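To keep things clear, I will list the structure first and then write my remarks on it.
Just so you know, all these numbers are worked out from the coordinates, no wet-lab data involved. Because the structure is a prediction, the values reported are computed rather than measured. FYI the Cβ positions are ideal-geometry reconstructions off the backbone, even for glycines, and counts take in every protein chain you see.
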Amino acid sequence: MKLDFPNVGETLHHHVLDNGLSVYLLKKTGYEKTYATFTTKYGSIDRRFKLDDWVEVPDGIAHFLEHKMFEKEDGDVFQQFGRQGASANAFTSFTRTAYLFGATSNVRENVKTLLDFVQYPYFTKESVEKEKGIIGQEIQMYQDNPGWRLYFGLIDAMYVQHPVKIDIAGTIESISAITAEDLYLCHRAFYHPSNMALFVVGNIEPEEMLDLIRDNQSAKSFEDPLLSARETVEEPTSVRLSERVIEMDVSVPKVMIGYKDTPLAGEDGLKQELTVELLMHALFDTTAPLYTELYAEGLIDDAFSFDYTSEESFAFAALSMETPHVDAFVSRITAALEKPLHLDEATLERKKRMMQGQFLKALNSPEFIANQFSRYALNDSNLFDIPALLETITLDALHEAYSRLFRQDQRTVCIVKKP
């Protein structure tokens, strides 16, 4: 199926194979590099799920599984990609695990390698035990990172029940309980083709690439999908803690202010994400009056940042700063967000044009397209709908988002400072 998106000048080929795998192919004429992602809708929050019966697995297992997938009986998959001229990587987030490569040659061979190594797991008791030490060191490294501690400290203070509050890598204690059998079980549950998306972007011939992928998949047999349900939790709108302080040896304190939001799924979730991003640019980017005031007062500098995270089951806004004036920074931001919102149509249109421009510029990056398209596709929305959705956002929508999001009972503060 060919999907034309004239507003961004792209034509996407989308096919769902007999085994349920969603394949997306995007030709970018003149590009030397081809980039591919093979993504499963499986992340750190999937700690309890239903097969025939409900199963609970150790925290950090999705990330652990990602690490182990590259090790095979006949060697390391990274080396195989390297011999084929490709640079490979992978990552685990709260909601997905992605395997990827970029290459300027041997694209067909690398696509087959990507499909094969992700779909053929190989674990032994000995290799799993060895990996525990490696990931344990990684966990300790993150525990020594003030920025990481700040971010996850904020989320932990914000959420009462939702597993997003748990570190993606788990803890040294939780990963110690992981077995090879656990890994095989999670692979069977979440790595079924029907729970995955393959995206290939570059100077490719879509029909030829589709034939290669079809041949590869038709030569394999897959059991029926094992996963029947994922755990949902009742999460209150209010935060668990209004403030959390983490003591570490830092030269300047770090602070994050978080506002917990109500999540939405699919296209509604994408539009909400864009609406809040527009709102935050209007409030906090370098052209905003509040930014100018805080900058003049010495409460923020170029290190100030803001972000909005949105997934099907959780959403939150975060403002971050490194400052010796933590109390003043928090007080000024909080007070500003308790006042009525004053925005006009001209500001809204400027921010829309700015976000449209940033988006169109990002489409020059195959990596951006593949990673972001896969993220949205697994959430039943479409990256290329962003320009059209941006145009539909109104001042009323910004006012609604402002009054819904920036509430005192939905706010938490996390601070990292010296003891």
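A straight chain from LYS418 to GLU367 at 0.36 nm per residue would run longer than the Cα-Cα distance by 14.5 nm. For the chain, the longest principal axis of the C-alpha atoms and the axis of helix 266-284 are separated by about 40°.
If you count, for each residue, the other Cβ atoms within 10 Å and average over each peptide, how do 234-242, 159-167, 255-263 line up from highest to lowest? Don't skip to the answer; put the middle values down first.
Values: 234-242: 14.8, 159-167: 18.9, 255-263: 22.0.
The peptides rank, most packed first, as 255-263, 159-167, 234-242.
Using Cα pairs under 8 angstrom and six or more residues apart, how large is the relative contact order of the range 172-320, in percent? The normalised contact order for the range 172-320 reaches 22 percent.
Listed by chain and number, the lysines whose C-alpha is less than 26 Å from the C-alpha of LYS130, apart from same-chain residues fewer than 8 away, are LYS68, LYS72.
About the centre of its Cα atoms, the chain shows a dipole size close to 420 debye [charges on the beta carbon of Lys, Arg (+1) and Asp, Glu (-1) only; nearest 20 debye]. Of the residues PRO253, PHE384, VAL8, the one whose Cα sits farthest toward the positive end of the charge dipole of the chain, with +1 on the Cβ of Lys and Arg and -1 on the Cβ of Asp and Glu, is PRO253.
Let me know the charge dipole size of the range 2-230 about its Cα centre in debye, to the nearest 20, where only the beta-carbon of Lys, Arg (+1) and Asp, Glu (-1) is charged. Write down the numbers at each step before the final one.
On the way: 23 positive and 33 negative charges, 99 e Å.
About 480 debye.
Between TYR120 and THR11, the simple label model (points 7 Å from Cα in the Cβ direction) yields a spacing of 3.6 nm. First check a/c for the chain, with a ≥ b ≥ c the square roots of the eigenvalues of its C-alpha gyration tensor; if it is under 1.5, answer rounded, and if not, answer prolate when a/b is larger than b/c or oblate otherwise. Judged from the Cα gyration tensor, the chain comes out oblate (a/c at least 1.5, b/c at or above a/b). Only Cα pairs under 8 Å and at least 6 apart count here; give the relative contact order of the range 243-417 as a rounded whole percent. With pairs under 8 Å counted, the relative contact order is 45 percent. Counting only residues at least eight positions apart within a chain, or on another chain, the lysines with an alpha carbon under 28 Å from that of LYS361 are LYS2, LYS27, LYS28, LYS33, LYS41, LYS271, LYS351, LYS352. Once the Cβ-Cβ distance of TRP54 and ASP302 is raised to the sixth power relative to R0 = 41 Å, the FRET efficiency obtained is 0.25.
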